[in-house]
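Novice: I am attaching a structure below and will ask some questions about it afterwards.
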Amino acid sequence: MTSVALQANGQRRIQVRPRPAPATPDPVRLCEAISVALFEVESGRRPYRQIQPLLSYALEERVRRRLHRRGSLGAAASLVARPSAPAEVLSVRADEPAPGVVEAVVVIRSGDRVEAVAVRCEQHRGRWVVMDLSRPDDPPTRRASAATP
C-alpha cells in the first residue's frame, strides 16, 4: 500500500507500507488432505493431477510409479469403475521436528480398509510442499533431500 502525505514545507512524502504476508495453510490439514486425496486417486475417485502440484519432484515420480504399478494412473484407469467407500480420517498425530518442517501420521479408513500414511511437509518459498509419503506396504526408499522441492 502506498500513501502520500504533504509535509509542512509543501513537499510530498510517499509512505510505502508493506502488505501483510499471506497466511500459509495449516500443514497438519495439508497432511490430512493429501492422505485422503492419495486414497481417492488410487481408487479412481480423483484425478492424479489434483495432487501433483503439492508434491516435491522426487515424490511426484515415486507416486506416479506406484500408481502405474497399481493401475490407478492413465486413460485405462479412468475407464474402470471402482466402487469404494470415501476415505475418512480417523486420527492424526503431528510433530514439528524443525521450523518449517511438519511430520504427521494420518490413520484413514476407506470401507473396511484401515491404513496409516506418514507424511512429511516442508515449507519452501512461502508454501508447504509434501516431501515424503509412505505407507506400511511401500518399499524402503532413500529420503528426498530438503533442497529439492
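Novice: Subtract the Cα-Cα distance of ARG29 and ARG125 from 0.36 nm times their separation in residues, and report this length gain in nm to one decimal. Let's see the in-between values first.
Specialist: Details: separation 96, 0.36 × 96 = 34.56 nm, distance 1.88 nm.
Taking ARG29 through ARG125 to full extension adds about 32.7 nm, to one decimal.
Novice: Tell me, what ³J(HN,Hα) does each residue in the stretch 41-47 have, in order and in whole Hz, if you take phi through Karplus 6.51 cos²θ - 1.76 cosθ + 1.60 with θ = phi - 60° and put x for Gly and Pro?
Specialist: Computed from phi, the couplings for the stretch 41-47 are 5, 4, 8, x, 7, 9, x Hz.
Novice: In whole Hz, with x marking every Gly and Pro, tabulate ³J(HN,Hα) for the stretch 51-58 from phi via Karplus 6.51 cos²θ - 1.76 cosθ + 1.60, θ = phi - 60°.
Specialist: 9, 3, x, 8, 9, 5, 4, 5
Since every read-out is calculated from the coordinates, none of them should be taken as a lab result. None of these values were measured; they are calculated from a predicted model.
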